[in-house]
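Working notes, beginning with the structure itself.
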Amino acid sequence: REAAAMRDQLLQDLKDISVPDGPLEMVLNQFGVDRVAEVTGRTQRVVRKADDKGDVRAQLESRGASAARADAEAFMNDKKPILVFSDAGGTGFSFHADKTKTNQRKRKHYLIQPGWRADKAVQGFGRTHRTNQASAPHYYLASTNIPAQKRFLSAIARRLDQLGALTKGQRDTANQGMFDERDNLESKYATQA
């Protein structure tokens, strides 16, 4: 009985925990699933929708590969103005302002969770920056003041600089002035430190 009571109390404690929303949920909740195209590898998501009575409640929604494909098309056809995509979901898709598509608006590409590998982030940037585009995207690297996150963003900044040097002949082209030498945590001074 004592163990069963402890189990019941633990289950109740777990139900009472308030877990903050992640960045993806924040975007979906702020703008709504009817405005946000989601192209990720998620098979389920919790979204806030009106129920039969009109009350907005969190609901579990299943998603398959066809949902991601439909959302990608909705974004490119300008039916959904906001797109969120991940490394897992973005493979095989192009999201640039293609001159042959309805949605040719300038892309504002926010990198929220850069992960451990700069090359993956740069590959993601490539999904919104391709040939035959009406305009080049503008990149925003969202950051906190946590040193470990700054370290990852530094690697991405270095790769962006390399990309700009290779494609345009200008070192500041790809990073759009977001970074300067002080942001480079892979310098000779960082190595010495």
Inset, instruction - With respect to A97, determine if the residue is open to solvent by less than 70 Å² (accessible area, probe 1.4 Å) and either in contact (Cβ under 8 Å) with a residue 12 or more places away in the chain or on the phi < 0 side of the Ramachandran plot (or both). - result: yes
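The rows are residues; the columns are (1) in contact with a helix residue (DSSP H, G or I) (Cβ under 8 Å, 6 or more places away or on another chain); (2) over 30 Å from F125 (Cβ atoms); (3) β-branched (V, I, T); (4) surrounded by 16 or more Cβ atoms within 10 Å (Cβ to Cβ).
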position	(1), (2), (3), (4)
L14	no, yes, no, no
G22	no, no, no, no
L28	no, no, no, yes
R45	yes, no, no, yes
Legend entry - Cβ-Cβ under 9 Å pairs, at least 6 apart or on other chains, region 139-160 side outside any helix (DSSP H, G or I), far side of a type in the set (S, T, Y): Y139/Y110; Y139/T128; Y140/Y110; L141/Y110; A142/Y110
Inset, instruction - Starting from residues that are closer than 17 Å to E25 by Cβ and modelled with pLDDT under 90, keep the ones in region 63-93 and report whichever is least open to solvent (accessible area, probe 1.4 Å). - result: G89
Inset, instruction - Tell me, please, whether a residue that is part of a loop (DSSP other than H, G, I, E, B), closer than 26 Å to I156 by Cα and touching a helix residue (DSSP H, G or I) at 6+ places or on another chain (Cβ under 6 Å) can be found in region 101-122. - result: yes
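The values are calculated or read from the model by the stated rules, or taken from the named source; none is laboratory data. Computed from a prediction, not measured in an experiment: that's the story for all the values here. Heads up, the Cβs are rebuilt from the backbone with ideal geometry, glycines too, and the neighbour counts pull from every protein chain shown. Side chains are part of the model used for accessible areas, which takes the heavy atoms of the whole protein and leaves out ligands, DNA and RNA. Shrake-Rupley method; radii C 1.70, N 1.55, O 1.52, S 1.80 Å.
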